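Single-structure report; data block below.
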Amino acid sequence: MKQRNQVSTLIEQSPRFDVVVIGGGASGIGAAVEAALRGYKTLLLEKHDFTKGTSSKSTKLIHGGVRYMAQGDLKMVREALKERGYLIRNAPHLVHNQPFIIPNYRWWEGAFYTIGLTFYDLLAGKFSLGRSVHLGKKKVLKLLPGISPHKLRGGVLYHDGQFDDSRLAMDLLHVLDDHGGLAINYCGVTGLEKAEGRVSGVQITDHISGKVFSVEAKAVINATGVWVDDILQLDDPSHRKTIRPSQGIHLVLDRAFLPGEHALMIPKTSDGRVLFAVPWHNHLVVGTTDTPIDESSDEPVALEEEISFILDTASQYLDRKVERADVLSVFAGLRPLAAPKHENAKTKEISRNHKIIVSDSQLITVIGGKWTTYRKMAQDMIDTAIRQKLLPPSESPTKNFPINAQTGHSEQKAFGLYGDHSDEIVALIEKEPALGEIIHPDLPYTWAEIEWCCRNEMVVHLEDLLARRTRALLLNARIASKIAEETGERVGPMLEWSPDRIKVEIRAFREIAEKYFL
């Protein structure tokens, strides 16, 4: 992507756009890519870093949602399974088939879950990733080493998708850039411009330079997740609450707790929630919770009761008890759930379907949704703008559009996680072999990746690099904090940081990292 200062200059020099999207998470990035690929002049604005919030804190799954099927929301599950199929086809270097096993402990569970998951496969149709089958106890213990054999009767094998959320976001931003769109982080919308009662543009505050300026837009899309009400209040101070945030946390453990290639899924825990334990970057991600939150935060913190719930529940199913000292990192995200009609509704019962609202001013707002359906959400947003006659008609091309994977890279190849950009990282190492060294024995990244991300992915702060361009902070918070000094000193010169700025970045990152370990 273009360097950040170049983008800032381009925005000021070209203040008229067809589409301005507010919010650099899954839904906002998706909407911007959808708009740019349809030929509209597009600008994406994010007040922090891309995927700073919920969109980098997911369970790392691209799935239809087995529990949503149990709740009877078959339409949403069918749509999500179809979108899962598009993603695996369009971004095979990032999204792959992940086999799961549901362990059975009572005589009736084997038949019950096999029938239910067979229906799940049927809903996927031609996008099915594999047939669900019942397994005996011996087979479960072989495929899921690390699971407790206590009272185990067998299990059911099924398939879903697994991915890296922030890396998918970065690939989509590269697509946006390749097709003439502009995206900029640390640029917040602080006002809406109106003409004859309709939104005609936005007022922007650049949090890096301090500049305040405005741009015009035919269509303005509010895709700010848990913050959509803030933008809606800029439009109409009297608007009612549309979002009810729910916090979900995950604990990251050593892969030794579940060393096989299969993931564990517990469909109903002691309080009715679902628990996943999923292999990810040679670690194990365990979660999640569903806790109503009154106030949204830029950096949500896991509650002690949530941590205890996951530790206790995971220990019931794993052969080895999980202690607090085993947790390498803990991260929390906020789900932007549509506020229910009844105030006493539980967050786990609120639909994950997305909703699109068009204000009287023709501000388009999206609420709800999840990473799996980001593309469909984006298509619906742009189609809504067309129906409102804000944009000329144009067909969506995104169902079959490769996302940085035209040459068929896979994650198993050298730096395959970077898709078509992997050769650029290899070239850096060929030019300077020392860049091929890993940044720490317990992290899967090389200095070549660090340099490439700094030069190509709009890194502004050290946190951007260690939390989202790489996933060091989420994989092992203490080690990420430990390597912060060396990383800051190495990347500072290429990012034009002064010696004092380098010290500030290291200190700021370590303060954030403290929230990620117990």
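How much of the DSSP bridge set in the chain is antiparallel, in percent, rounded to the nearest 5?
Restricted to the chain, the bridges split so that about 80 percent are antiparallel.
Which of the listed residues, 497, 484, 445, is farthest toward the dipole's positive end in the stretch 416-516, when Lys, Arg count +1 and Asp, Glu count -1 at the beta-carbon?
Working it through, the farthest residue towards the positive pole turns out to be 484.
Please report, to one decimal in angstroms, the Kirkwood hydrodynamic radius of the stretch 416-516 built from all distinct Cα-Cα pairs.
Details: mean 1/r = 0.0732 Å⁻¹.
Final number for the Kirkwood radius of the stretch 416-516 is 13.7 Å.
Full extension from residue 131 to residue 213: what is 0.36 nm times the residue separation minus their Cα-Cα distance, to one decimal in nm?
The residue 131-residue 213 span can extend by a further 24.0 nm.
Anything over 20 Å Cα to Cα? Flag those among 75/370; 82/376; 52/218; 241/268; 151/268, in the order listed.
Too far apart for the 20 Å limit: 52/218; 241/268.
For residue 5, project a label point 7 Å along Cα to C-beta. Then give me every residue of the stretch 145-189 with its amide nitrogen under 19 Å of that point.
Answer for this model: 183-187.
Mind putting a number on the dipole of the chain about its Cα centre? Charges go on the C-beta only, +1 for Lys and Arg and -1 for Asp and Glu, and I need it in Debye to the nearest 20.
The calculation lands at about 2060 debye.
How would you classify the stretch 13-58 from its alpha-carbon gyration tensor, with a ≥ b ≥ c the square roots of the eigenvalues: rounded for a/c under 1.5, else prolate if a/b is greater than b/c, otherwise oblate?
oblate
What ranking do 453, 187 get, fewest neighbouring Cβ atoms within 10 angstrom at the top?
Ranking 453, 187 by Cβ neighbours within 10 Å, fewest first, gives 453, 187.
Could you sort out which of 137/321; 41/355; 139/515 sit more than 29 Å apart by Cα distance in this structure?
Numbers: 137/321 21 Å; 41/355 25 Å; 139/515 39 Å.
The pairs that break the limit, which is 29 Å between Cα atoms, are 139/515.
Tell me the GluC sites (Glu not before Pro) within the stretch 123-217 that lie in a loop according to DSSP and have at most 15 other beta-carbon atoms within 10 Å.
Loop-located and lightly packed - 196.
Once you order the gyration tensor axes a ≥ b ≥ c over the Cα atoms, which shape class does the stretch 1-100 get: rounded for a/c under 1.5, otherwise prolate or oblate by comparing a/b with b/c?
Prolate, because a/c is 1.5 or more and a/b exceeds b/c.
Tell me, what is the FRET efficiency for residue 361 and residue 282 to the nearest 0.05, using R0 = 45 angstrom and their Cβ-Cβ distance as r?
For R0 = 45 Å, the calculated efficiency reads 0.40.
When the helix-only estimate is applied to the chain (DSSP H runs of n ≥ 4, each -39,500 (n - 2.57), divided by the residue count), what is the mean residue ellipticity at 222 nm, nearest 500 deg cm²/dmol?
Theoretical 222 nm ellipticity from helices: -10000 deg cm²/dmol.
Note the full-extension length gain between residue 151 and residue 430 as 0.36 nm times their separation in residues minus their Cα-Cα distance, in nm to one decimal.
Contour length minus Cα-Cα distance gives 95.0 nm.
Please report 326, 500, 171 as a ranked list, fewest other C-beta atoms within 10 angstrom at the top and most at the bottom. Display every interim value, and only then the final one.
On the way: 326 18, 500 8, 171 26.
By the 10 Å Cβ count, ascending, the order reads 500, 326, 171.
Among 23-32, 305-314, what's the highest-first ranking by average C-beta atoms within 10 angstrom per residue?
23-32, 305-314
Between residue 240 and residue 118, what length in nm is gained on full extension when 0.36 nm per residue of separation is reduced by their alpha carbon distance?
Numbers: separation 122, 0.36 × 122 = 43.92 nm, distance 4.18 nm.
Working it through step by step, the gained length comes to 39.7 nm.
Need one word for the stretch 137-253: rounded, prolate or oblate. Basis is the Cα gyration tensor (sqrt eigenvalues a ≥ b ≥ c); a/c below 1.5 gives rounded, then a/b vs b/c decides.
Because a/c hits 1.5 or more and a/b exceeds b/c, the stretch 137-253 counts as prolate.
For each of 426, 278, count neighbouring Cβ atoms within 10 Å of the residue's Cβ, then give the residues from fewest to most.
426, 278
Each value in this text was obtained by applying a stated rule to the coordinates, not by laboratory testing. Nothing here was measured: the structure is a model prediction, and the numbers come from that model. Cβ sites come from the backbone with ideal geometry, for glycine too, and all protein chains shown count toward neighbours.
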